[in-house]
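Report on the structure given below.
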Amino acid sequence: LLLRWRRRRALWRKVAEAQERQERSLVRMEAAARRFREQHPSVNVVSILSLPLPELSKKLRDGSLPPDHVFYAYVGKALQIATETNCITEFLQESETQLRKAKLMEKRGLLYGVPVSIKDSIDCQGHDSTLGFIKNLNKPAAEDSVVVQVLKRQGAIPFVKTNVPQSLISYDCKNLIFGQTCNPLLYTRTPGGSSGGEGALVGGGGSILGIGTDVGGSLRFPAAFCGICAIKPTGNRLSKRGIMAGVTGQKAVAAAVGPLAKDVESLALCLRALLSEDMFSLDGTVPPLPFNEEVYSSTKPLRIGYYETDFFTMPSPAMRRAVRQTKQLLEEAGHTLVPFELTNVDYVMFNYCVRGMFADGGSSFVKKFKGEMEKGGTQMFFWLAKAPHWLKTLLSWIAKPFVPRFSSIVRGMKENTVDEVWSLHHEIEDFCHQFIAQWKKLNLDVMLCPMLGPALGIGYPAKLSVAVSYTMLYNALDFPAGVVPVTLATDEDEEQLKGYKGYYQDWWDRTLAKAFRGSVGMPVAVQCVALPWQEELCLRFMKEVETL
């Protein structure tokens, strides 16, 4: 007991030190922003912050806007949003040195002078990538991740790191070290996760461009919940070197790194900059596919598949309305919309996603929590992963008639042999080919899909792991998928929620109905999807939706 008490005290000391560092970071940001204001009282910060990224970057490159004006405008705004939402974990002090060097740069990259926020799990030299784990504190990265290196070569200035949920396997944003991040639009709502700090900061206007990761919706949830745009590219379109994963080594559900921004044009500019010779030379495993301008700027009418539900997670009235209204606007603009029939999403969720991510029975997941004082929003997975095989089998059998979804999750958490894992990967490949065959049979260019929303109340994602079906499908398939906010939740949506039952009418469905309530005025997005390696077409479709 004495040893345990001493260990816990040591852990709490590490947490307290990290929180003090976070506090010092905010104090430094405040001092830097104040110093700049005193030295340059005539700078119009409001007009700088109102510029969209393409216009801002153009002014920075042609010299009509000094980089320090932009940098300190965003440092001041980021500080305000961090105070309101608790989204920043660390100010990257070397960004001020980089800013001074940027002024001397002869070759001005596409993101010259643009301040960029970086998710906690993406390595920045000299800084921790904690994933919300105490054990990862005081272990600074030896070098920048490839994505951060490319951003810097393109002239961007990474200036803050942002908060994540513990382990990243959550779409809320809370950990024991830095606490809960709130939604900038309504503080009682989650900003989404696991790139929740990015969603809150970009959504609140404290960053013009953020970089996050996505293994089940971790870019798309924060974007949808905070009313901004994001794209999850095909898993290997951008380098993942130097990026920490929630479940390391699993190949069943493809992870990806991607940008978040206020508009689609900003995402396109970011991908233009990242898909450069710098990326391809720093990571030889990334296919050398530069950004395809011709596809992105095309105006030919699109043939668009669509569905309103996946028959697994019943859409909220606002989600259904968002898809219907977008479909109507696209048809009026001359595009062709074709119904797409989704089947077996329950099988995909339990047999590909849950089983694929926890193919070792969850033992590597459990190891990550060894020595931690809290299990974050993943208690159910943690408990199941620790349960012996016979108990999982028994639980699954008992629960099947009463709670079929829980039974399937328990069954998906059993330990697999190597042969079974290989068979699973083969099955996922087959599923992907079948999905593409159905897509090609309908001669589709892109797909319009629902996106979970409006934002759930804080704490609800931990109880609703099953509600990731709309996003996680496209990680299992490894298709590029982006989100665009299209409407706001209305009083009528709220009224219709009273009749929300769900497809299974189980505890999860009842909880989801409660989680959606009280969201009038919150943004609701749609998901735009394309085939693998067609990020430019996905962005072109997103741009069309955004414009309409």
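If DNA, RNA and ligands are ignored and the probe is 1.4 Å, what is the ranking of TRP533, TRP397, TRP439 by accessible area, most exposed first?
TRP397, TRP533, TRP439
Distance check, please: which entries in LYS463/LYS514; LYS262/LYS440; LYS119/LYS174 exceed 21 angstrom between their Cα atoms?
Result: LYS262/LYS440 exceed 21 Å.
Quick one: accessible area per residue over region 89-188, 1.4 Å probe, rounded to a whole number of Å²?
Per-residue accessible area for region 89-188 comes out at 33 Å².
Once ligands and nucleic acids are excluded and a 1.4 Å probe is used, how much of GLU30 is accessible, expressed in Å² to the nearest 10?
Using a 1.4 Å probe on the heavy atoms, I get roughly 90 Å².
Find how many whole Å separate the alpha carbon centroid of region 101-142 from the alpha carbon centroid of region 419-479.
30 Å
Enter the Cα centre distance for the pair region 336-398 and region 493-513, rounded to the nearest angstrom.
Cα centres, region 336-398 to region 493-513: 23 Å.
Of the heavy-atom accessible surface of region 381-473 (probe 1.4 angstrom), what whole percent is carbon and sulfur?
On region 381-473, the fraction of accessible area on carbon and sulfur atoms equals 64 percent.
Could you state how much accessible area HIS69 has, in square angstrom rounded to the nearest 10, with a 1.4 Å probe and all protein chains kept in place?
Probe radius 1.4 Å; accessible area of HIS69 about 40 Å².
Hey, what's the Kirkwood Rh for region 13-291 if you take every pair of different alpha carbons, in angstrom?
Hydrodynamic radius (Kirkwood, Cα only) of region 13-291 equals 18.3 Å.
Just to be sure I understand the model, the point goes 7 Å from the Cα along the line to the Cβ. What's the resulting ARG34 to ALA333 distance in nm?
According to this spin-label approximation, the distance is 4.7 nm.
Sorted by accessible area (1.4 Å probe), largest first, how do TYR72, TYR504 line up?
Sorted by accessible area, descending: TYR504, TYR72.
As a test question: what accessible area, to the nearest 10 Å², does VAL520 have when a 1.4 Å probe is rolled over all protein chains in place?
That residue has around 70 Å² of solvent-accessible surface.
Between rounded, prolate and oblate, where does region 272-355 land on the alpha carbon gyration tensor, with a ≥ b ≥ c its root eigenvalues, rounded for a/c under 1.5, else prolate if a/b exceeds b/c?
Cα axes put region 272-355 in the oblate bin.
For P(r) over Cα pairs in 20 Å bins from 0, in percent, which listed value, (i) 21, 54, 23, 2, 0; (ii) 22, 58, 19, 1; (iii) 20, 46, 25, 9, 1, comes from the coordinates shown?
For P(r) over Cα pairs in 20 Å bins from 0, in percent, the calculated option is (ii).
Leaving out ligands, DNA and RNA, and with a 1.4 Å probe, what % of the accessible surface on region 13-291 is carbon or sulfur?
53 percent
What range in the chain is the longest one free of trypsin sites (Lys or Arg not before Pro) that are in a loop by DSSP and have at most 12 other Cβ atoms within 10 angstrom?
Result for the longest clean stretch: 108-369.
With each pseudo-label sitting 7 Å past Cα toward Cβ, what's the PHE402-ARG9 distance in nm, one decimal?
4.5 nm
Only helical DSSP H runs with n ≥ 4 go in: add -39500 (n - 2.57) per run for the chain, normalise by residue count and round the 222 nm mean residue ellipticity to 500 deg cm²/dmol.
The per-residue figure over the chain is -13500 deg cm²/dmol.
Which net charge results when you count Lys and Arg as +1 and Asp and Glu as -1 among the other residues whose beta-carbon is under 13 Å from that of ALA387?
Its environment carries a net charge of +3.
The values are calculated or read from the model by the stated rules, or taken from the named source; none is laboratory data. All values derive from a computational prediction rather than experimental measurement. Here the Cβ is made from the backbone with ideal geometry for all residues, glycine too, and neighbour counts use every protein chain on show. To get the accessible areas, we keep the full protein, side chains included, count just its heavy atoms, and leave off ligands, DNA and RNA. Shrake-Rupley method; radii C 1.70, N 1.55, O 1.52, S 1.80 Å.
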